[in-house]
Amino acid sequence: MIVVFLGPPGAGKGTQCKLIVDRYGLTHLSSGDILRRERKENTELGQKAQSYMDSGQLVPDDLIVAMMMKEIGSQSSGGYVLDGFPRTIGQAQELDKALVAAGKKVDVVLNLEVDDNKLETRITGRRSCGKCGTAYHVTFNPPKTEDQCDKGCGALTQRPDDTSEVVQQRIKTYHEQTSPLVEYYQQQGNVKNVNGNLDIQEVTKALYDVLDGVKTSA
Ligand code: AMP
């Protein structure tokens, strides 16, 4: 099963993806995570992506498409969830072309809808542990001791693009460049809208209901 996960920054795609991939035996392919890894390793791609990411802009299509095609091509079997890719019509067209050439298609597009006024609080409160990767939220899922990982790893960190200034730009970028993808995929007839304003567990249930009903081409 090939799943595209759409939704604004802070919609909860990352959290939900972790649950979905476990239940359906899929691989989680997050373009944001891959870019952050490239930056940590200080690769040429990581260096090129840095200024775009830190200002809430999209990294140019040619760089992202090459990066994601390599990642998708290395998937030997089974399905995957694309989280954060495609983010422009151009990227979606390139993905479609590559899938058609491989005799595959996007089986379902999950569109997680969240009101804009909820996004900023969700994003700016996010913290994570750089060592073990555990995610927290200062209000909704706080650590036992402020700013410290519950597993004893030490201080928590905030993504540099999770600050209020950058968040506003990321939301704007989403509306301008990524939300037109909903219509693009609606024309292919495979979009499922899910209300992302609800509690995490309720959203998970709604996503499972959709995915349980998906008939894959494979
Ligand atoms: P994310 O973790 O998905 O919020 O992505 C973090 C940042 O990485 C974004 O704000 C963009 O700068 C960049 N990025 C991630 N995925 C893409 C993509 N598909 N196209 C362009 N830029 C991307």
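What to note about this one:
- Taking Lys and Arg as +1 and Asp and Glu as -1, the other residues whose beta-carbon sits under 15 Å from that of Y136 total +4.
- When the chain is treated as a GNM with alpha-carbon contacts under 10 Å, the residue of D150, D161, D33 showing the greatest mean-square fluctuation is D150.
- Distance in nm between pseudo-label sites at Q75 and Q148 (7 Å out along the Cβ direction from Cα): 4.1 nm
- Once the Cα-Cα distance is subtracted from the 0.36 nm per residue extended length, the S51 to T121 segment shows a gain of 22.8 nm.
- Between the amide H of N193 and those of N111, distances stay under 5 Å, these residues lying 5 or more places away or on another chain, with hydrogens modeled in the peptide plane.
- Residue of K105, K151, K97 that the Gaussian network model of the chain assigns the largest fluctuation, springs spanning Cα pairs under 10 Å: K151
- Per residue, the solvent-accessible area of the range 107-218 (1.4 Å probe, heavy atoms of protein chains only, all protein chains present) comes to 58 Å².
- Computed accessible area, E165, all protein chains, 1.4 angstrom probe, square angstrom: 140 Å²
- Near M1, once Lys and Arg are set to +1 and Asp and Glu to -1 for all other residues with Cβ below 12 Å from its Cβ, the sum equals +2.
- Residue among A49, A101, A11 with the largest mean-square fluctuation in a Gaussian network model of the chain, springs linking Cα atoms under 10 Å: A101
- Efficiency of FRET between S164 and K97 - r from beta-carbon atoms, R0 41 angstrom, step 0.05: 0.60
- Restricting the range 1-79 to GluC sites (Glu not before Pro) that sit in a DSSP loop and have at most 10 other Cβ atoms within 10 Å of their own Cβ leaves E41.
- With the charge dipole of the range 83-218 set up from +1 on Lys and Arg Cβ and -1 on Asp and Glu Cβ about the Cα centre, the Cα lying farthest toward the positive end among the listed residues G213, L99, N190 is that of L99.
- Within the accessible area of the chain (1.4 Å probe), percent carbon and sulfur: 49 percent
- Each Lys or Arg adds one and each Asp or Glu subtracts one; over the other residues with Cβ under 12 Å from the Cβ of L110, this totals -2.
- Net length available on complete extension from D61 to A155 is 30.3 nm, with 0.36 nm assigned per residue and the Cα-Cα distance removed.
- Length-normalised contact order of the range 1-118 in % [C-alpha pairs under 8 Å, at least 6 apart]: 49 percent
- The chain: relative contact order as a whole-number percent, Cα under 8 Å and 6+ apart: 30 percent
- Spacing of the two label points (7 Å from each Cα toward its C-beta) at K104 and K172, in nm: 3.6 nm
The values are calculated or read from the model by the stated rules, or taken from the named source; none is laboratory data. Here the structure is a predicted model, which means the values were calculated and not measured. Glycine gets a Cβ as well: all are built from the backbone with ideal geometry, and neighbour counts include every protein chain shown. Areas reflect the complete protein model, heavy atoms only, side chains present, ligands, DNA and RNA absent. Shrake-Rupley method; radii C 1.70, N 1.55, O 1.52, S 1.80 Å.
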